[in-house]
C-alpha cells in the first residue's frame, strides 16, 4: 500500500515562507491614505484635522528619508575631502607622538613634552634590539616642549651605524617625584595608507595615525 508523505509541497512552502517586512515606506503610506479617502463613509467623512495630521505624517516621513540620504552623501564627501588633504602631507616633515626613529648617520633631534615642572631629565637611546646605547642628561624646566640632539654615538664615543632606534625620557621634579613625559620624533612622510577608512602616515619606518601628528613643516 502506498503511503503518502507526511508533508505536502504546500506544507513545505508554508514552512519556508519568507517573513513579511513590517516597514512602511512613503509610497505605501500614500497608497494607504488614498485607499482610506476612497473608502470613507460619505455620511461620516474624514475630519479635516485628521486628514491634515496624516498628510503631516507623510511629509515628515518623506523629509526624514531625504535627510538620511543627504547626510550619507555629506559624510562620504567629508571622508573623501579628508583623505585628499592627508595625501598632501607626502614629502613634508612632521612631528609625531612616538619613541621610534630612523638614524641615517646624521645627528637626530628628539623631542619630548613635560606635563609638569622637572629638575632632572634623562634621555636614553636604544638600538633595534632594545639595548641601551647612550644616556643623555638633558634640559628640564616648567611644563612644555623640549628638544635634545643625539649625535649618533654610543656611551664610549663610537659612531653607530644607521638603522632603527628608539628612545625613552624620564623626569623628576624637585621632590624626586616622577613627571609624565610624552616623546616626539620628526621625519619625512613618504606615503599614506588606509585601514578601515582611517589614514596612517608612513613616517620613516613607522606607520603613524593622523591624530598623532603634532606639527607639520
Give me the distance in nm between label points sitting 7 Å out from Cα along the Cα-to-Cβ direction at residue 104 and residue 172, one decimal.
3.8 nm
Computed over the stretch 93-216, the relative contact order (Cα-Cα under 8 Å, seq sep at least six) in percent reads 37 percent
Spin-label pair residue 64/residue 124, simplified geometry with 7 Å Cα→Cβ offset, distance in nm:
6.0 nm
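No value in this document is a laboratory result; all are computed from the given coordinates. Just so it is clear, the structure is predicted and the values come from calculations on it, not from any experiment. So basically every Cβ, Gly included, is an ideal-geometry build from the backbone, and we count neighbours across all protein chains shown.
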